[in-house]
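Accompanying notes for the structure given below.
The values are calculated or read from the model by the stated rules, or taken from the named source; none is laboratory data. Bear in mind that the values here come from a model prediction, so they are computed numbers and not experimental data. Here the Cβ is made from the backbone with ideal geometry for all residues, glycine too, and neighbour counts use every protein chain on show.
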Amino acid sequence: MEHYRTDAGVSANQRFNRAFFRDVWRLAKPYFAESGERWQARALLAGVILTTVGQVYISLRITNWYNSFYNALQTYDSAGFWRLMGVFAVLASIYIVLSVYQSYLTQLLDLRWRRWLTGTFLSRYLSARTYYHMEVFKRGQDNPDQRIADDLSSFAQLTSSLFSGMLSAIANLVAFIGLLWVLSAKVIVPWGGVEHHIPGFLVWVALLYAVAWTWVAARVGNPLIHLNYHQQRLQADFRFSLMRLRENSEAVALYGGEAKERANFDRRFDHVFGNYKRLILRQKRFNWFSSYFSQVAIILPFLAAASAYFAKAVPLGFLMQISSAFGNVQGAFAYIAQSYDSFANWHAVVDRLRGFLGIIEAVETLQLDASQVERHTGSRLKVAALDVRLPGGQVVVSGLNLEVGPGERLLVTGPSGTGKSTLMRVLAGIWPFGKGRIELPDSGKSLFLPQKPYLPMGSLRNALLYPSGSPATPDTRLFDVLDAVGLAHLIAQLGDVEPWSQMLSLGEQQRVAIARVLLQQPRYVFLDEATSALDEPSERALYLMLTELLPQTAMISVGHRSTLIAFHQRRLHLSGGGRWEELPLTHVPPDTGGSGVTAPAPDAPLI
């Protein structure tokens, strides 16, 4: 993972500019405007808006209640005190209900939005083998698993939370700014021995104070975007390195590579530690300023109204009402400053997601532009005028014409690097660089076996039926197949959930792959050195079983051993530079790839 350092096109952008919000809209719009859940999403969003506005309205009522309540206290009005306590109980109860449902609806919206986002990104990630092409052809995106598992959740939560907060701030501003403007008329500003009345004085104080707070928060907190962005990447890199050790534990143990692995872990964790230390130091600086501004904001309205109160121009209730109204208006103005650390984290999450989406789109464009191979579904394999290229444009197979009918068996040979595996990838439809025409039965009728089989997480039964086996296959059938491929010792573990890719040797994994062929009985099976880890007698026995039990299944094999000759009828030899030829199986070309042929010895390997 060392080559993954930054996401394309996002590392330099640390500002909340138009491009950033355009990307936010691009990520958010499909769910609310185009998805099948859009009406439910809009209903939940409407519920969040209504409960938020309802809370602001109750806050306004409570602010007015402060005036009456503290005036009752000041005048020792016992009846008014108890009456106002009842009013407060009603207002508080309504506020609690609104608060609980606002939180519940927001979380429900987060959950449903995350589910939709995850499904959508997974669809694009898996469709047309995008996940494979991202790794092979479009490197530059670190840890796509984290983008899907963590960042989509964070995006939904932070977006809805910040939207709710902004909505509350705007609603508070609309609800309280008029009240605070009116209350400001009674505020006295002593200056030069003269008492002044400044229209909307407290509103201007709240605005100017919030502007100063926001400016300082942006200056101090802006580096948090960069630090949060890289913290997630570095933690994911560290976690991935631990996962790699688990997946390759036997190889590391055989090499005795523990010291190297520990050094690698220490180096990666040092990066995590160093970045996180910078993050918390920057967060400390941000908290210094934020705490200072928030504490001063508490006493500002009292300082502003103190002269009028001590001049007995206003009662205590007025002072408390001003304090509440000023707090709401100032909090609305300063919402961005108060939440800047959350905004910085949100920016980092959006950057990672738009980088991930950009790589997906680049791969999708590559798939459309690079591949000129026409693919059709047919009853047999037909290849016409097929050119196969490498990403750099080098031709490895030129003008290939080939036809393999049901039950036929073709052996593909050639020196290393001549494009045998690449040709198999083109036939499988996962290699986009080429042009020509391929006709092949659909994916359910064709099965490709790579040299190292894939064993999914789960039980051995699931591994045997992967990818197209029927879930209704009886266990007795699986027992018979395991016994036939030499894995009878695993019959008792058929239902066990184990890390089979680590527990089984490569040879046993290749036997599992052959078992899949017997169970799924494809019309065409492609074996890319799929028995290379087996000894020759075992390989011979498995091929003999395939030819006897599946006589109508066509086999296209890539291999180097002469033992494969007896199980194939035709041979395609790739000699490099785009050259190819069909040769009789009784002849083998020399190592130079020239036109001369010699008959192989019975146990001599094929080139």
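Scanning segment 503-531 for residues that are in a helix (DSSP H, G or I), hydrophobic (A, V, I, L, M, F, W, C) and over 22 Å from Glu408 (Cα atoms) yields Met503, Leu506, Val512. Applying the criterion of being closer than 23 Å to Arg61 by Cα and free of Cβ contacts under 8 Å to residues at least 24 places away in the same chain to the residues of segment 265-322, the residue that is nearest to the chain's Cα centre (by Cα) is Ile299.
With respect to the conditions (1) within 25 Å of Leu518 (Cα to Cα); (2) of a type outside the set (Ser, Thr, Tyr); (3) modelled with pLDDT under 90, Gly414 lacks only one, and its number is (1).
Every residue in segment 25-52 that is in contact (Cβ under 8 Å) with a residue 60 or more places away in the chain and among the polar types (S, T, N, Q), please. Once the filter is applied, which keeps residues that are in contact (Cβ under 8 Å) with a residue 60 or more places away in the chain and among the polar types (S, T, N, Q), segment 25-52 yields Ser35, Gln40, Thr52.
With the structure loaded, tell me whether Ala332 is among the hydrophobic types (A, V, I, L, M, F, W, C) and within 26 Å of Leu173 (Cα to Cα) or whether it fails that test. Considered against the rule, which asks whether it is among the hydrophobic types (A, V, I, L, M, F, W, C) and within 26 Å of Leu173 (Cα to Cα), Ala332 comes out as yes. Considering only segment 48-59, I want to know if a residue exists there that is more than 16 Å from Ser168 (Cα to Cα), modelled with pLDDT of 85 or more and among the polar types (S, T, N, Q). So far as segment 48-59 goes, no, none of its residues is more than 16 Å from Ser168 (Cα to Cα), modelled with pLDDT of 85 or more and among the polar types (S, T, N, Q). Might you check whether a residue that is buried (at least 18 other Cβ atoms within 10 Å of the Cβ) and in contact with a strand residue (DSSP E or B) (Cβ under 7 Å, 6 or more places away or on another chain) occurs anywhere in segment 343-354? Within segment 343-354, not a single residue is buried (at least 18 other Cβ atoms within 10 Å of the Cβ) and in contact with a strand residue (DSSP E or B) (Cβ under 7 Å, 6 or more places away or on another chain).
Conditions tested, residue by residue: (1) of a type in the set (Ser, Thr, Tyr); (2) at pLDDT 75 or above.
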| residue | (1), (2) |
| --- | --- |
| Leu281 | no, yes |
| Phe289 | no, yes |
| Ile298 | no, yes |
| Ser307 | yes, no |
| Lys312 | no, no |
| Pro315 | no, yes |
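Scanning segment 530-581 for residues that are β-branched (Val, Ile, Thr) and either farther than 22 Å from Gln509 by Cα or in contact with a strand residue (DSSP E or B) (Cβ under 9 Å, 6 or more places away or on another chain) (or both) returns Thr531, Thr547, Thr553, Ile556, Val558, Ile565. Exactly one residue among Gly458, Gly392 is closer than 18 Å to Arg516 by Cβ and either free of Cβ contacts under 8 Å to residues at least 40 places away in the same chain or assigned by TED's automatic domain parsing to the domain that holds Glu247 (or both), and that residue is Gly458. Go through the residues of segment 473-481 one by one and say whether even a single one is in contact (Cβ under 8 Å) with a residue 40 or more places away in the chain and of a type in the set (Asp, Glu). Looking through segment 473-481, none of the residues is in contact (Cβ under 8 Å) with a residue 40 or more places away in the chain and of a type in the set (Asp, Glu).
Here's the yes/no breakdown for (1) assigned to a helix (DSSP H, G or I); (2) modelled with pLDDT of 90 or more; (3) within 40 Å of the chain's Cα centre (by Cα); (4) of a type in the set (Ser, Thr, Tyr):
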position: Tyr4; (1), (2), (3), (4): no, no, yes, yes
position: Asp7; (1), (2), (3), (4): no, no, yes, no
position: Phe16; (1), (2), (3), (4): no, no, yes, no
position: Ala19; (1), (2), (3), (4): yes, no, yes, no
position: Leu27; (1), (2), (3), (4): yes, yes, yes, no
position: Ala41; (1), (2), (3), (4): yes, yes, yes, no
position: Ser68; (1), (2), (3), (4): yes, no, no, yes
position: Arg83; (1), (2), (3), (4): yes, yes, no, no
position: Val100; (1), (2), (3), (4): yes, yes, yes, no
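Does at least one position in segment 274-297 carry a residue that is of a type in the set (A, V, I, L, M), out of contact with any strand residue (DSSP E or B) (no Cβ under 9 Å at 6 or more places or on another chain), assigned to a helix (DSSP H, G or I) and under 28 Å from Leu207 (Cβ atoms)? Yes, the conditions are met somewhere in segment 274-297. Within segment 343-351, can one find any residue that is of a type in the set (D, E, K, R), in the same structural domain as Ile430 (by TED's automatic domain parsing) and either within 30 Å of Met134 (Cβ to Cβ) or assigned to a helix (DSSP H, G or I) (or both)? No, there is no match, as no residue in segment 343-351 is of a type in the set (D, E, K, R), in the same structural domain as Ile430 (by TED's automatic domain parsing) and either within 30 Å of Met134 (Cβ to Cβ) or assigned to a helix (DSSP H, G or I) (or both).
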